[in-house]
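The values are calculated or read from the model by the stated rules, or taken from the named source; none is laboratory data. Everything numeric here is computed off the predicted structure, so don't read it as measured data. Every residue, glycine as well, gets a Cβ built from its backbone with ideal geometry; the counts of neighbours run over all protein chains shown. Remember, those area values only see protein heavy atoms, side chains included, never the ligands or the DNA or RNA. Shrake-Rupley method; radii C 1.70, N 1.55, O 1.52, S 1.80 Å.
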Amino acid sequence: MTVTSVYLDYNASTPLLPRVEKSYLKASHHFGNPSSFHRPGNLAKELVEESRVLVLDFLGADPGQLIFTGSGTEANNLVLNRVLAKHLKGTPTHFITSEIEHSSILNTAQYFETLGIKVTYLPVNQEGVIQIDRLEQEITKHTTLISLMLANNETGVIQPIKEAALMAKNKHIPIHTDAAQAIGRYVFTVSDLGIDYLTLSGHKCYGPKGIGGLYSKDPQTLDSLIRGGSQEFGKRAGTLNTSGIAAFGCALSLLKKSIASDIQHMSHLKNMFITQLKISLPNITFNGNPDQSLSNTINVSFNVSDYEAILMNLDLAGIYASSGSACSTGSHEPSHVIQAMTSDPKRINSATRFSLGKMTTLKEIDYVLDTLPKIIKKLDKVNT
Ligand SMILES: Cc1ncc(COP(=O)(O)O)c(C=O)c1O
């Protein structure tokens with residue numbers, strides 16, 4: 001087998017598609033400030049507005065419902081600022097989220113708690129699905145916002161957001177979903193989901209880093225997080241990242257055309273990966289029901305050794321996977337997502353994520369299926 005490296009960490013970041021790279025470079029020549037009232041400024045503004053149409057079209061949303069941000073993290077902070085703003089105005093506030101959210105939600109929620117805001121964290125079941133039946137009973141008259149992710153970044157488990165949105169609507173509570181991982185891996189529109197706010201991140205869907213967006217059914221409900229100029233309808237100050245925005249729109253317009261075949265391709269490779277790995281390593285546990293998860297994500301506990309040794313050996317073999325979110329990898333903490341699903345230390349410490357992309361090939365997966373069992377068997381011997 002002549003494969004030398006296999007990148008299986010698309011949930012951490014994706015490469016730019018060649019046409020996206022071109023659009024980034026082309027837009028960078030339009031250096032005028034999109035807020036300036038002259039021709040170079042207008043040309044840059046045109047690129048921004050063309051991209052806004054493409055992103056909104058991808059989401060099935062209406063004009064004026066998108067705020068460009070500097071990242072998915074910022075979009076999450078922007079919408080959660082709604083809770084903080086109410087609190088600062090002296091209104092009693094309660095925020096509902098889940099135990100398995102990305103750190104940009106969880107750390108903000110924990111900060112809210114230090115300010116005296118009440119936060120409820122919904123638990124998940126053993127399959128990694130948020131216990132939505134608990135949502136209705138947790139809502140109080142002070143609940144200001146609900147934020148639940150559309151698909152988990154570590155397990156890929158798709159969450160029952162439509163049901164949550166219906167409950168929220170019945171109680172007149174706004175609901176946000178973090179869709180950073182779902183874009184391009186799961187088909188949806190904002191109206192299918194019935195949500196009020198939705199987070200996007202450029203570098204998870206073949207666009208550049210440093211660009212994100214917040215869909216808002218009614219942007220007037222938001223207070224700006226960053227103070228300064230009146231860009232983005234006064235909801236996000238700062239000179240717009242014209243190249244990043246243009247490339248982001250380009251990535252989503254391409255994904256819109258390819259999403260059905262991309263999902264089919266990734267699902268096929270994912271199913272093959274799972275079926276064959278179960279045969280070569282019968283003692284492994286898949287985290288999250290693979291049938292209810294994103295077309296590209298596999299999270300598996302090998303129940304031998306720990307994820308650091310597994311990842312190091314994979315890296316030496318040219319296979320680039322992850323233990324979960326890039327942030328928790330950096331801090332070497334066991335995954336909060338797997339911990340929310342099980343208390344089994346072996347399962348928690350050996351959880352490894354393989355996330356595929358539209359560029360992943362059958363040859364690459366064959367190489368991983370040949371190499372991975374050898375690594376796990378070697379580590380098992382060392383530990384026994
Ligand atoms: C579910 C989820 N939300 C938000 C983010 C943050 O996005 P960004 O890297 O654009 O800040 C990530 C990144 O890993 C993510 O997986």
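Are there any trypsin sites (Lys or Arg not before Pro) in region 127-163 that are in a DSSP loop and have at most 16 other Cβ atoms within 10 Å? List them by number.
Here the trypsin sites (Lys or Arg not before Pro) that fit, given the DSSP loop and packing criteria, are 141.
With a 10 Å radius around each residue's Cβ, average the other Cβ atoms per peptide and rank 238-245, 34-41, 375-382, highest first.
Averaged packing, sorted descending, gives the order 238-245, 375-382, 34-41.
Give me the net charge of residue 11's neighbourhood, meaning all other residues with Cβ under 12 Å from the Cβ of residue 11; Lys, Arg count +1, Asp, Glu -1.
Details: positive: 185, 204, 353; negative: 9, 154.
After counting each charged neighbour, the total is +1.
Quick one: dipole size for region 19-77, taken about the Cα centre, charges +1 on Lys/Arg Cβ and -1 on Asp/Glu Cβ, in debye to the nearest 20.
Here region 19-77 has a charge dipole of around 260 debye.
How big is the C-alpha Rg of region 282-384 next to the rule-of-thumb value 2.2 N^0.38 Å, as a ratio? Provide the component values of the computation, followed by the final result.
Values: Rg = 13.2 Å, N = 103, 2.2 N^0.38 = 12.8 Å.
In units of the 2.2 N^0.38 Å rule of thumb, it is 1.03.
If you take the Cα atoms of the chain, find Rg, then find the Kirkwood Rh from the mean of 1/r over all pairs, what is Rg/Rh?
Looking at the chain, the ratio lands at 0.98.
What lysines sit close enough to residue 118 to cross-link, taking a C-alpha to C-alpha distance under 29 Å and skipping anything fewer than 8 places away on the same chain?
Hits, sequence-local ones excluded: 86, 89, 141, 162, 169, 171, 217, 235.
I'd like to know which of 85, 105, 120 lies farthest towards the positive end of the charge dipole of region 49-170, counting +1 on Cβ of Lys and Arg and -1 on Cβ of Asp and Glu.
85
Let me know the charge dipole size of region 18-254 about its Cα centre in debye, to the nearest 20, where only the beta-carbon of Lys, Arg (+1) and Asp, Glu (-1) is charged.
Here the size comes out at about 620 debye.
Quick one: what are the phi-derived ³J(HN,Hα) couplings along region 204-213, Karplus 6.51/-1.76/1.60 with θ = phi - 60°, whole Hz, x for glycine and proline?
Couplings: 9, 9, 6, x, x, 6, x, 9, x, x Hz.
Order the peptides 147-160, 178-191, 111-124 from the highest to the lowest mean number of other Cβ atoms within 10 Å of their residues.
Ranked by mean Cβ neighbours within 10 Å, highest first: 147-160, 178-191, 111-124.
Once a ≥ b ≥ c are taken as the square roots of the eigenvalues of the Cα gyration tensor of region 136-281, is the result rounded (a/c under 1.5), prolate (a/b larger than b/c) or oblate (a/b not larger than b/c)?
Oblate, because a/c is 1.5 or more while a/b does not exceed b/c.
Ignoring ligands, DNA and RNA, what percent of the 1.4 Å accessible area of the chain is carbon and sulfur? Could the numbers behind the result be given before it?
On the way: 8860 of 16410 Å².
Ligands and nucleic acids excluded, carbon and sulfur reach 54 percent.
Consider just the alpha-carbon atoms of region 57-99 and return their Rg together with their Dmax, both in angstrom.
Rg and Dmax of region 57-99, Cα atoms, are 13.5, 38 Å.
Positive end of the dipole of the chain, charges at C-beta (+1 Lys, Arg; -1 Asp, Glu), about the Cα centre: which of 234, 267, 224 has its Cα farthest in that direction?
The residue sitting farthest along the positive end of the dipole is 234.
Per DSSP H run of n ≥ 4, the term is -39500 (n - 2.57); total these for the chain, divide by its residue number, and report the mean residue ellipticity at 222 nm rounded to 500 deg cm²/dmol. Please report the intermediate quantities before stating the final value.
Numbers: 13 runs with 169 residues, N = 384.
Calculated from helices alone, the mean residue ellipticity at 222 nm is -14000 deg cm²/dmol.
For region 147-225, state the average projected area of the convex hull of the C-alpha atoms over all orientations, rounded to one decimal in nm².
Taking the Cα atoms of region 147-225, their convex hull projects to 5.7 nm² on average.
Restricting the calculation to Cα positions, tell me the Rg (one decimal) and the Dmax (whole number) of region 226-295 in Å.
In order Rg, Dmax, the Cα atoms of region 226-295 give 20.6, 59 Å.
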